[in-house]
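Here is the structure we will look at, set down as structure tokens.
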Amino acid sequence: MTSIFPLRRRMLTAGALSALMLCAASPAFADEDKRPEPGVISVSGEGVATVAPDMAVISLTVLREAETAREALDANNEAMAKVLAAMKAEGIAERDLQTGAFSVQPRWVYPNNKDGENQEPKIVGYSVNNTLTVRIRDLSRLGAILDSSVSLGVNQGGNVVFTNDDQETVRETARLDAVAKAKAKAEAMTGALGVTLGRITQISENSYSAPPMPMARAEMAMMAGKAADSVPMAAGENEYRVTVSVTWELNQ
């Protein structure tokens, strides 16, 4: 009769050998898992680019009031049609003319109840507002256009914003400046510490533009029939800023 004990002993011996092999290998794997993560350095750089504006955006509003909504609308339409015709005569393209807002509103009167009687508010007329947004690409004509628009019936608006048609090219200059400053700053810091920059792990950007002065805003009074020179304007320079944040691994 054959005994099964030698076979069982052989099986146990093989299992014990595998366990010993795993135990012997475990410290090596543990050492690999405990390897320190590479150090990192995060640095930000701000780039700046300035350029003279080549375009202005203005808003021109025609306000008309009358006893009825129909009369107020007709008067507004007539004035705005003249403004649009004048803009086109100045060489403003269709794509640079856009209606920004339009409204018809009743004008209410709230009686002063001195006798304590309840008096209902009543409508005494209507007002119609029509706002035209205009992009002016020839800045030398800006003052004359503002002056002629007032003479044609524009009695609210202004909001002159000086900007640039191709802003991305200017921002690209600021972006490259920001990257160069961030890298120079990182190299100066790592050089002082005796380490070098490794691979880049993260990069981000934030950009904005800042006008050289607060937005010009003018409430234009009716000047029809009055002689006036062109409105004086100073365009200055537009400033574009880009902030770049970069994270590098450190070679130690």
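The values are calculated or read from the model by the stated rules, or taken from the named source; none is laboratory data. Please read all numbers here as calculations on a predicted model, not as lab measurements. A quick note on method: Cβ atoms are made from the backbone with ideal geometry, for glycine too, and the neighbour counts reach across all protein chains shown. For the accessible areas, the whole protein counts, side chains as well, though only heavy atoms, and no ligand, DNA or RNA atoms are used. Shrake-Rupley method; radii C 1.70, N 1.55, O 1.52, S 1.80 Å.
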What is the extension gain from Glu172 to Ser230, computed as 0.36 nm multiplied by their sequence separation minus the C-alpha to C-alpha distance, in nm to one decimal?
17.3 nm
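Order Glu205, Glu90 by their accessible area, 1.4 angstrom probe, all chains in place, largest first.
Working: Glu205 95, Glu90 60 Å².
Heavy-atom accessible area, descending, gives Glu205, Glu90.
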Could you give me the ³J(HN,Hα) list for region 172-186, computed from phi with Karplus coefficients 6.51, -1.76, 1.60 and θ = phi - 60°, whole Hz, x at Gly and Pro?
4, 4, 5, 5, 5, 5, 5, 4, 4, 5, 5, 5, 4, 5, 5
Suppose all protein chains stay in the model; what accessible area per residue would a 1.4 Å probe give for region 143-206, in Å²?
53
Karplus (6.51, -1.76, 1.60) ³J(HN,Hα), θ = phi - 60°, over region 119-133, in Hz, Gly and Pro reported as x
10, 6, x, 9, 7, 10, x, 9, 10, 10, 10, 9, 10, 10, 9
Could you give the length gained on full extension between Ser207 and Thr247, defined as 0.36 nm per residue of separation minus the Cα-Cα distance, in nm?
12.6 nm
If each of Gln119 and Gln105 carries a label point 7 Å out from its Cα toward its Cβ, how far apart are those two points in nm?
2.3
Return the long-range amide H neighbours of Gly39 (sequence gap of 5 or more, or a different chain), with a cut-off of under 5 Å between placed amide H atoms.
Leu250
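Calculate, for Ser42 and Thr196, the FRET efficiency according to 1/(1 + (r/R0)^6) with r their C-beta to C-beta distance and R0 22 Å; round to the nearest 0.05.
0.85
Arranged from highest to lowest average of other beta-carbon atoms within 10 Å per residue, in what order do the peptides 104-111, 158-165 appear?
Numbers: 104-111: 11.9, 158-165: 16.8.
Ranked from most to least packed, the peptides come out as 158-165, 104-111.
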Between the modelled labels at Ser140 and Leu97 (7 Å from Cα along Cα→Cβ) the distance in nm is 2.3
